[in-house]
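The values are calculated or read from the model by the stated rules, or taken from the named source; none is laboratory data. As the structure is a prediction and not an experimental result, all values here were calculated from the model. Because the Cβ atoms are built from the backbone with ideal geometry, glycine has one as well, and the counts that use them run over all protein chains shown.
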Amino acid sequence: MISSEARRGVAALLALLAVWCAAAHAEAARPLTLWHAYRQGGAEERALAEILARSPEPVEVLAVPFEGYATKLHAAISHGDGPDVFLDAHERIGDFVARGLIVPLPSPSACDGLARAAVRAVTWEGQLVGVPIAQKTLALYLNSAQVPEDTPDLEALFERARPAEGGVVLGHASGSAYAHAPFASAFGAVYLGPGDTFGLATPAGASSIEFVAGLTKRGLLPDDATPSLVSELFGSGRAAAAIGGPWMAGDLRAPPPYRVVPLPRLRATGRPMRPFLTVEVAFLTPRGRERAAAGALVAGLASEEAAEIRARVGRTVTSRAEPTAPERTDPFLLAFARAAATAEPMPSRPAMRLVFEPADRALRKVLRGDATAAAALDEAAHRFDDVRRPLPPRAAPAPYAALVGVALLGLVAVAARRARDAVATGALARSRGAYGYVAPATIAILALVVAPLVAGAAASFFAGRGDDARFVGFAHYVTILTARGGAWLASGSFYLVLLVTVLWTAANITLHVLLGGALGLLLSRRDLRGKAVYRVLLIVPWAVPSYVTALAWKGMFHRQLGAVNALLALVGVEPVSWFSRFSTAFSANLATNVWLGFPFFVVVTMGALTSVPDDVLEAAAVDGATRWERLWRVTLPMIRPVLAPAVALGAVWTFNMFNVVFLVSGGDPDGTTDILVSEAYRWAFAREAQIGYAAAYSVLIFALLFAGSRALGRRAS
């Protein structure tokens, strides 16, 4: 006889086996998933859709915005979710390998028939970790009317081009380190030196920056040009030529007749201009490795048939060793194929991604005339080395665990005492119904607010990632609060950024309250005609997404093409380089955020004024109080209890107003207009993903806001 316990054990085992089989069947039956960061509705996305339509397996496709692509990949794949296959640039390979987001190809034959340079770009420590599907680089766009014939070198272009009146010869994003790479290569400079050092800090690198700065001063290149501005200048005929990649063609709206040629050589050095080569790669994730169909999909994306579609529909240079039919006949693709053949593959080591931020700042500093090229590059090298400093030493977790235990015991003791007092006084029984009402909200706050805060605070005690992650205790806090061992008010130090953040918050709240309060008082007058129209117009800045508003204001503050300088020119004021000085860059950020923030205080003031009784104001008028005295002694004291919470809320919002600072000034000049939240963002996403260090910044921001809110609350009461 089999005992009942044995039968229950067998039944449980069979149930587990059934669940496992069902899960395995569901995993095998689910469609493959593929992620990409192509622009929605663009030619590349259409080409991908046509390629996947011919796949024998169903494929679910997710388009992720480029700005958050790497972050979402890491968050999803590291937790066993995310795609089976994803598309991205080869220069992230080092980072992907370190994070365990990709796996080697199960069949290296998938790279048969592909260009050798592209295959080398996806080889990491002797293993193929992806399949190259496309190649992208920079080339020279020429307006056929303004540059009728090709030129042997760049200097000849400046001599022979006939730009439109008020235009420039060459549209070039001179403040971008990526766009500067062709000039650096022509002078013999490299971005990443031996031992992963900052390679631009050499006489050759300095000479390349001085050369571009000289062209800008002569008016041959535009000031403060971004890639989007370069596209606008060339597409509107205000630039005779432009340096851009194949993606720029999709941004041109009704452009003049143009042609594309590889970048020429520089007469000044006699060397060719070699831009970076970016290889687009199909990667296989650990989740995709478990399914043979995912490996077949990766190989199929690089097949000859897929390459033909990508070239024909997406107008992209493929990674095939033998060009496809469109690549042999389309002049646009021919030009970019020739450019790709001589381009320099961008290094894929993780240190390469850390070069761009300090190099960008050095370029902009020299172009503004704030420093010599050599001094700016030496400072950039110091910043590069500072970001790459070794991880803090490991710390023993036992003392910290004891400290947390004592704190939790204290909280439990306080909660127990309050609960005992509530039971003794009968308050708990009387409030039982109220607890039932607030319980859902409490649970939601604990899950959506408190739990992430605790997780973020815990992350601040760790450094590194993957196998190198280590517990470091308060090391991040010590490093931050000691200004990383440098001067307390040096550029980028916590204390300087804190001072800028406090100034930013105080200036914004003051102007928000004054402007919003004044307009709210005006709109509350009974004898004002057209109040409904005015109210709608004043709410518009609040209704428009802050992202759109910030980009619009950034364009208005452009030195050459901005509306603000155009208005100043009408009254005889010289154009202002708004982002070249702290005072003007801060003012540009301030103007943008005031435009975004004052409608909130208009609404709050109008609502608060409805609580002021008319008979009180009439009594004050009978007693002989003037209009100013009624406002100052009656109205404002009565609406103060309503305005105080709004001021506290506005201060918290402004303290963390990331969008405006990041999108308008971008921290320029030299990071001096960054606030705490934008500095934390850079440590988390632009400086080797130092999540623990950024989490420590976040905890300090929370502590400052908590203390400030408590202080404002006490003062208001």
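Before we move on, is PRO222 in contact (Cβ under 8 Å) with a residue 60 or more places away in the chain and surrounded by fewer than 24 Cβ atoms within 10 Å (Cβ to Cβ)? When the stated conditions are applied, PRO222 does not pass them.
Residues that are surrounded by fewer than 23 Cβ atoms within 10 Å (Cβ to Cβ), over 20 Å from PRO83 (Cα atoms), free of Cβ contacts under 8 Å to residues at least 24 places away in the same chain and in contact with a strand residue (DSSP E or B) (Cβ under 7 Å, 6 or more places away or on another chain) do occur in the stretch 304-324, at least one of them. Among the numbered criteria (1) exposed (fewer than 15 other Cβ atoms within 10 Å of the Cβ); (2) closer than 29 Å to ASP670 by Cα; (3) touching a residue at least 60 places away in the same chain (Cβ under 8 Å), which one does ALA563 miss? Condition not satisfied by ALA563: (3). Do we have VAL652 as outside any loop (DSSP other than H, G, I, E, B), of a type outside the set (D, E, K, R) and at pLDDT 90 or above here? Yes.
Residues checked against (1) over 19 Å from VAL647 (Cα atoms); (2) assigned by TED's automatic domain parsing to the domain that holds ARG581; (3) not in a helix (DSSP H, G or I):
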| residue | (1), (2), (3) |
| --- | --- |
| GLY520 | no, yes, no |
| ARG526 | yes, yes, yes |
| ARG529 | yes, yes, yes |
| LEU537 | yes, yes, no |
| VAL540 | yes, yes, no |
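Among the residues making up the stretch 661-698, those that are in contact with a helix residue (DSSP H, G or I) (Cβ under 7 Å, 6 or more places away or on another chain), aliphatic (A, V, I, L, M) and over 18 Å from THR592 (Cβ atoms) are LEU676, ALA680, ALA684, ALA686, ILE691, ALA694, ALA695, ALA696. Please indicate, with yes or no, whether at least one residue in the stretch 475-485 is touching a strand residue (DSSP E or B) at 6+ places or on another chain (Cβ under 8 Å) and not assigned by TED's automatic domain parsing to the domain that holds ALA380. For the stretch 475-485, residues touching a strand residue (DSSP E or B) at 6+ places or on another chain (Cβ under 8 Å) and not assigned by TED's automatic domain parsing to the domain that holds ALA380: present.
When the residues of the stretch 374-393 are filtered to those that are more than 23 Å from the chain's Cα centre (by Cα) and in contact (Cβ under 8 Å) with a residue 60 or more places away in the chain, the one that is surrounded by the fewest Cβ atoms within 10 Å (Cβ to Cβ) is PRO393. Taking the conditions (1) closer than 17 Å to PRO222 by Cα; (2) surrounded by fewer than 18 Cβ atoms within 10 Å (Cβ to Cβ); (3) in contact with a Phe, Trp or Tyr (Cβ under 8 Å, 6 or more places away or on another chain) in turn, TRP542 satisfies each one other than (1). Answer with yes or no whether ALA569 is more than 23 Å from GLY516 (Cβ to Cβ), small (Gly, Ala, Ser) and part of a helix (DSSP H, G or I). Yes, satisfied.
Residue count for the stretch 244-268 satisfying the condition of being touching a Gly at 6+ places or on another chain (Cβ under 7 Å) and among the aliphatic types (A, V, I, L, M): 1. The residue of the stretch 621-649 that is modelled with the lowest pLDDT, among those that are assigned to a loop (DSSP other than H, G, I, E, B) and of a type outside the set (S, T, N, Q), is ASP623. Among the residues making up the stretch 275-295, those that are surrounded by fewer than 21 Cβ atoms within 10 Å (Cβ to Cβ) and more than 21 Å from PHE96 (Cβ to Cβ) are ALA292, ALA293. With the condition kept exactly as written, say whether any residue in the stretch 185-203 is in contact with a strand residue (DSSP E or B) (Cβ under 8 Å, 6 or more places away or on another chain) and assigned to a helix (DSSP H, G or I). Yes, the stretch 185-203 has at least one match.
Yes or no, residue by residue, for (1) within 28 Å of LEU700 (Cβ to Cβ); (2) β-branched (Val, Ile, Thr); (3) at pLDDT 85 or above; (4) more than 46 Å from the chain's Cα centre (by Cα):
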position: LEU409; (1), (2), (3), (4): yes, no, yes, no
position: ARG420; (1), (2), (3), (4): no, no, no, yes
position: LEU428; (1), (2), (3), (4): no, no, no, yes
position: TYR437; (1), (2), (3), (4): no, no, no, no
position: ILE445; (1), (2), (3), (4): yes, yes, yes, no
position: VAL449; (1), (2), (3), (4): yes, yes, yes, no
position: ALA459; (1), (2), (3), (4): yes, no, yes, no
position: ALA463; (1), (2), (3), (4): yes, no, yes, no
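Apart from one condition, ARG253 fits all of (1) surrounded by fewer than 24 Cβ atoms within 10 Å (Cβ to Cβ); (2) in contact (Cβ under 8 Å) with a residue 60 or more places away in the chain; the exception is (2).
Candidates VAL564, VAL502, VAL576, VAL513: the one that is among the aliphatic types (A, V, I, L, M) and not in a helix (DSSP H, G or I) is VAL576.
Taken over the stretch 353-373, the criterion of being more than 23 Å from the chain's Cα centre (by Cα) and crowded, with 18+ Cβ neighbours inside 10 Å is satisfied by VAL366, LEU367, ARG368, ALA373. Regarding ALA242, is this residue in the same structural domain as VAL169 (by TED's automatic domain parsing), touching a residue at least 40 places away in the same chain (Cβ under 8 Å) and part of a strand (DSSP E or B)? It is true that ALA242 is in the same structural domain as VAL169 (by TED's automatic domain parsing), touching a residue at least 40 places away in the same chain (Cβ under 8 Å) and part of a strand (DSSP E or B). Is there a residue being under 25 Å from ALA321 (Cα atoms) and over 25 Å from the mean Cα position of the chain (by Cα) anywhere in the stretch 67-88? Within the stretch 67-88, not a single residue is under 25 Å from ALA321 (Cα atoms) and over 25 Å from the mean Cα position of the chain (by Cα). Listed here are the helices (runs of 4 or more DSSP H) enclosed by the stretch 409-497 that have at least 1 residues being under 30 Å from TRP683 (Cα atoms): 432-445, 451-459, 475-481.
Just for helices (runs of 4 or more DSSP H) wholly inside the stretch 43-138: which have at least 1 residues that are touching a strand residue (DSSP E or B) at 6+ places or on another chain (Cβ under 8 Å), within 30 Å of PHE332 (Cβ to Cβ) and not β-branched (Val, Ile, Thr)?
43-53, 69-77, 116-121
Just a yes or no: is a residue in the stretch 189-211 in the same structural domain as ALA240 (by TED's automatic domain parsing), over 19 Å from PRO275 (Cα atoms) and of a type in the set (A, V, I, L, M)? No: the stretch 189-211 contains no residue that is in the same structural domain as ALA240 (by TED's automatic domain parsing), over 19 Å from PRO275 (Cα atoms) and of a type in the set (A, V, I, L, M).
Taking first residues from the stretch 639-660 that are aliphatic (A, V, I, L, M) and partners that are outside any helix (DSSP H, G or I), the Cβ contacts under 8 Å between residues at least 6 apart in sequence or on separate chains come to ILE639/SER611; ILE639/VAL612; VAL642/SER611; MET657/ILE675.
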